[in-house]
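To start, the structure itself, in structure tokens.
The values are calculated or read from the model by the stated rules, or taken from the named source; none is laboratory data. Everything numeric here is computed off the predicted structure, so don't read it as measured data. Methodologically, a virtual Cβ is constructed for each residue, glycine included, from the backbone with ideal geometry; neighbour enumeration extends over all protein chains shown. Protein only, heavy atoms only, side chains kept; ligands, DNA and RNA dropped before computing areas. Shrake-Rupley method; radii C 1.70, N 1.55, O 1.52, S 1.80 Å.
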Amino acid sequence: FDSLLRERWPSKNNSFSAASSQNGTPHIFTRTEMMHQSGKDLIRILSLLVVGMGKELSDLRSDASSQQEETKAKHLTSKELNEAIEITSKILLDYARGHPDVVRKPIDNNSNDVNKGSSFFPTPPGRVQGKKHGGPGGNTKTVKEKKGRNESPLLRIGDALQRTRSFLVESSSMTAATLRWEIIDYLCVVLDLDTEQELSENEAASSTEGGEASPINDLGSAGSILKLIVLNCTTAEDSTINSGEPLDNKSTSTAEQTARNERNAGNCFLSVVHRLAASKSVSARVSACSLGPVLWNHLDFPRQLQLRGVITRALHDVDVGVRKATAAVVHEISEMLFDRRAVPWTVLMVERSMTDPEPQLRAAAMTLTWHLAEHLPNAFLGDASKGSLSIRRLPPRTDPTFMDVYLLQCKLLPVASNLAEDRIASVRLSVAAQCDRLCTALGEHWFSVIIDLLQALLSDRDDRVRSEAILCMPRLVESVISGASEDKSVSVLESLLPQALKMQKDASVLVRSSLATATGELLVFLVGLGGAGGSLSPPPSPGHGGVNIDEIGSYKYYKKHVDQTLIPLLQKLLQDTNPDVTSASLRAVTNASRSGARDRSGIPSCSHKPDVDDDLVSLASHQSHTSIDRTKPVFIPVLSEEQVLRLLPTLSNLATSTQWRVRQSAVEIVPALLGCTYRLETRNEISKLCINLMSDKVDTVRKTAAECFCLGGSSLARHGEDDGGEWITKIVVPHLRICSQSEDSKQRLLSLKMIDIIITNGLCPSKVSDPASSPSSFDDSFSSTEESPLRMLLDIASSRASDNVANVRLNVGRVLGSVLFLLDRSDVDYVVSVLEKQLEEETSKANGGDRDVVYFAQQALASRSLRRLESR
């Protein structure tokens, strides 16, 4: 078929070849001629693919039923082959019609002949030609046709490759396997032609518009297909082994030979890497590097040395894009270091990245440093079958490999030190952001060096670097305290906290805001070492089985820093003149008050052993100490009640700020603070923050204060225990009565909104505990009544049914209608009587009363009737 295709479609290059043989001088093809030839080669490959899949389909249908089951397990089914043939044929036809060399004679644009077509493909029907050339159906071209004409030939090739990618890389297709090397050769030619990275840029743009981009898409259509083909071929042997039958003892040599073949499955593709690496095209050189991680574990050692040479040359490439892609490749390879012979070369690549003239590459060298340090033990203790995540710890000093790993770490640490002194701020910022990762990867031996490194970055001349360094401080403290002995864990606070105190007067708003955030995170961690509220013992240190008296003493030392350093620091930041710093401080206090706002998903936690109690393993856990079956989130208080009282004066001053956003932020902290309290007197003092701001001139502040005032009951302390209804009956209900009787209609409306929030969120207890069991100096008039708290709220709402303001009256019907389905039968009957009375009074007024009031009352009664029908 190949020879028939060439005879039926002679190439123009044949004339050049004949002329060259007569003149004795070889013809030099232009890029346009090579592009046209690549288009013809693509048509040829797709044609062979269609013919081969057709033959594969016919062979599958002619097989006997017994053989057919065996074929289905290894190759494509008839349905899959039919779909592949249909789709590939359509793509082939669309591409071939647009290829300029398909048409033998030139097209005259001024001619009215509609029977023009290709010499190889049949002429389309007249109605299709009429649409293409301005016939019936319109004279305008579609946007897609215009775009197709303006696209370069290389982009059209890339589009056809992308659409047929799943068939070209299909490892279970006999046709694709037969054409594999021809497809690989063609992809190399296309990558050589893509000198301006058109395919990768077009692929990245389409990925951004249609979905998420991936590392494979960054290579473009040709590079991604090549990588997938190599990946499928190198893993085919492994899948065959895993799916085959168990081997007996007699076939042990066969199994060893098969495993050896699987380990060396990538040897045959090394020539492809060499060919692409020697290309003048940037796309080809990038694709050559991208094959490195795919082939790394499937090459024998001599060929792995050749691959190292290709990657080394690419890291010295003149194009910065190639060097960036190579740095990413080294990052991937560092996870596959299971041979100690490759470690010195990888360290050399990290040092080369450190000296690169491109700042972005030098910044990436920091990531390479801690990533390689984290995986160094794998090269000496790990095994490829176990995976790189199985062993990540430095071997003990008694181990013979300890000195090898230690000396390699001595080479990696100067990389971070040199990058921390880089003249470009973005490079130093990368070091500041990843000091904690380096600390965890290198181990206890280098803690003091990394602490000094972070100290220097805290005094950096660039405010972004200082900001990132202070944000890294709590993570570094956690790494050191979790993985070091007691003396070193104490020294990290002595070294970093004095520097942090100096930064509260930093001229940069960004630095002070970051300081507030870091202080809150550090507060959560240090208080969490002693459990919730200090009632639990400190967690065990790594490598120790239990808790000793010395560790309890160290926790008292940490608590001293909380009381004497961190809380006073937050109090000063709360009084900052800049609203951004104040808001950041308020968020920090909120997070510290409920011990759960910090996102620790991106930080590898090594603080505690897996067998430790879950409340100690994760400070961000909202699980209750009393029950694991609770569905509602339970706040675990971090601040003590005395610490909360110390913060109240500062928060009260913020509630009088001239900026309404600061006042709003000050009141948003109330539910979190209530979760740290136990006494009703303290809760009453906290509630005054909300009560004062419920009369604010800004509507948003009033609504926020009302919501926080009501929702505060959902975050009370005692780890989810019921407070006996004290918060509702002795604090919320009395203030609700005051609001409902206010002369200001806005306050009366606010009282109805608060009732809606309380009932809808289930914050109203069904009964009130005995007042004798919870004595208080506050008004006991509501606790002594036999009326339930829910009926108290309904009475307050019904008292506004005859309000002189129509907006208040209509909100009575709206609120009662929204909570009607949450009430018991007796309460429903009470609400219905109130609504019927309101509806009767409203309709008896002149002109039938206010139509909105009537509407909401009728809607509420209709919802009650609907509920009756559903119950029946």
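In segment 498-512, what residues are assigned to a helix (DSSP H, G or I), more than 20 Å from Val527 (Cβ to Cβ) and open to solvent by 30 Å² or more (accessible area, probe 1.4 Å)? Walk me through how you get there before you give the answer.
Kept after step one, since they are assigned to a helix (DSSP H, G or I), are these residues of segment 498-512: 498-505, 509-512.
Pick out the ones that are also more than 20 Å from Val527 (Cβ to Cβ) and you get 498-499, 502-505, 509-512.
Scanning segment 498-512 gives Pro498, Gln499, Lys502, Gln504, Lys505, Val509, Leu510.
What are the residues in segment 326-363 that are in a helix (DSSP H, G or I), within 16 Å of Gly292 (Cβ to Cβ) and open to solvent by 30 Å² or more (accessible area, probe 1.4 Å), if any?
Ala328, His331, Glu332, Glu335, Met336, Leu348, Arg352
Please indicate, with yes or no, whether at least one residue in segment 396-412 is crowded, with 21+ Cβ neighbours inside 10 Å and modelled with pLDDT of 85 or more.
The answer is yes, given that some residue of segment 396-412 is crowded, with 21+ Cβ neighbours inside 10 Å and modelled with pLDDT of 85 or more.
Here are some conditions: (1) at pLDDT 85 or above; (2) outside any helix (DSSP H, G or I). Ser781 meets all but one. Which one does it not meet?
Of everything listed in (1) at pLDDT 85 or above; (2) outside any helix (DSSP H, G or I), Ser781 misses just condition (1).
Being open to solvent by 80 Å² or more (accessible area, probe 1.4 Å) and in a helix (DSSP H, G or I) is the filter here; which residues of segment 683-703 pass it? I'd like the intermediate steps shown before the answer.
Applying the first criterion (open to solvent by 80 Å² or more (accessible area, probe 1.4 Å)) to segment 683-703 yields 685, 688, 692, 695, 697, 703.
Matches in segment 683-703: Glu685, Lys688, Asn692, Lys703.
Can you pull out the residues in segment 658-680 that are open to solvent by 20 Å² or more (accessible area, probe 1.4 Å), in contact (Cβ under 8 Å) with a residue 24 or more places away in the chain and of a type in the set (Ser, Thr, Tyr)? Steps first, please.
Our first condition is that a residue be open to solvent by 20 Å² or more (accessible area, probe 1.4 Å); within segment 658-680, this holds for 658-661, 664-665, 668, 671, 678-679.
Applying the additional criterion that residues be in contact (Cβ under 8 Å) with a residue 24 or more places away in the chain yields 659-661, 664-665, 668, 671, 678-679.
The answer is Ser665, Tyr678.
Identify, by number, the condition in (1) surrounded by fewer than 17 Cβ atoms within 10 Å (Cβ to Cβ); (2) at pLDDT 85 or above; (3) assigned to a loop (DSSP other than H, G, I, E, B) that Ser495 doesn't meet.
Condition not satisfied by Ser495: (3).
With respect to Val310, is the statement that it is of a type in the set (A, V, I, L, M), part of a helix (DSSP H, G or I), within 28 Å of Lys280 (Cα to Cα) and touching a residue at least 40 places away in the same chain (Cβ under 8 Å) true? Break it down stepwise before answering.
Details: of a type in the set (A, V, I, L, M): yes; part of a helix (DSSP H, G or I): yes; within 28 Å of Lys280 (Cα to Cα): yes; touching a residue at least 40 places away in the same chain (Cβ under 8 Å): no.
The answer is no for Val310.
Scanning segment 172-181 for residues that are of a type outside the set (A, V, I, L, M, F, W, C) and over 13 Å from Lys227 (Cα atoms), which turns out surrounded by the most Cβ atoms within 10 Å (Cβ to Cβ)? I'd like the intermediate steps shown before the answer.
Going residue by residue through segment 172-181, those that are of a type outside the set (A, V, I, L, M, F, W, C) are 172-173, 175, 178, 180.
Still in the list and also over 13 Å from Lys227 (Cα atoms): 172-173, 175, 178.
On the way: Ser172: 14, Ser173: 22, Thr175: 24, Thr178: 14.
Looking at residues that are of a type outside the set (A, V, I, L, M, F, W, C) and over 13 Å from Lys227 (Cα atoms), I get Thr175.
Just checking, how many residues over segment 813-864 are open to solvent by 60 Å² or more (accessible area, probe 1.4 Å), more than 24 Å from Met792 (Cβ to Cβ) and assigned to a helix (DSSP H, G or I)?
Residues that pass the stated criteria total 9.
Mind counting the residues in segment 421-442 that are farther than 14 Å from Pro359 by Cβ, among the hydrophobic types (A, V, I, L, M, F, W, C) and open to solvent by 10 Å² or more (accessible area, probe 1.4 Å)? Step through it out loud before you land on a result.
First, the residues of segment 421-442 that are farther than 14 Å from Pro359 by Cβ: 432-442.
Going one step further and asking which of them are among the hydrophobic types (A, V, I, L, M, F, W, C), we end up with 432-433, 435, 438-439, 441-442.
Subset that is open to solvent by 10 Å² or more (accessible area, probe 1.4 Å): 433, 441.
Number of matching residues: 2.
For every residue, the table says whether it meets (1) β-branched (Val, Ile, Thr); (2) under 19 Å from Pro414 (Cα atoms); (3) open to solvent by 30 Å² or more (accessible area, probe 1.4 Å); (4) out of contact with any helix residue (DSSP H, G or I) (no Cβ under 7 Å at 6 or more places or on another chain).
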{"position": "Glu444", "(1), (2), (3), (4)": "no, yes, yes, no"}
{"position": "Phe447", "(1), (2), (3), (4)": "no, yes, no, no"}
{"position": "Asp452", "(1), (2), (3), (4)": "no, yes, yes, yes"}
{"position": "Leu457", "(1), (2), (3), (4)": "no, yes, no, no"}
{"position": "Arg461", "(1), (2), (3), (4)": "no, no, yes, yes"}
{"position": "Arg466", "(1), (2), (3), (4)": "no, no, yes, no"}
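Identify, please: which residue in segment 671-699 is within 14 Å of Ala655 (Cα to Cα) and among the hydroxyl-bearing types (Ser, Thr, Tyr) and is, among those, farthest from the chain's Cα centre (by Cα)? Please lay out each step first, then the result.
Applying the first criterion (within 14 Å of Ala655 (Cα to Cα)) to segment 671-699 yields 685-698.
Filter again for among the hydroxyl-bearing types (Ser, Thr, Tyr), leaving 687, 695.
On the way: Ser687: 38, Ser695: 41 Å.
Within segment 671-699, the match that is farthest from the chain's Cα centre (by Cα) is Ser695.
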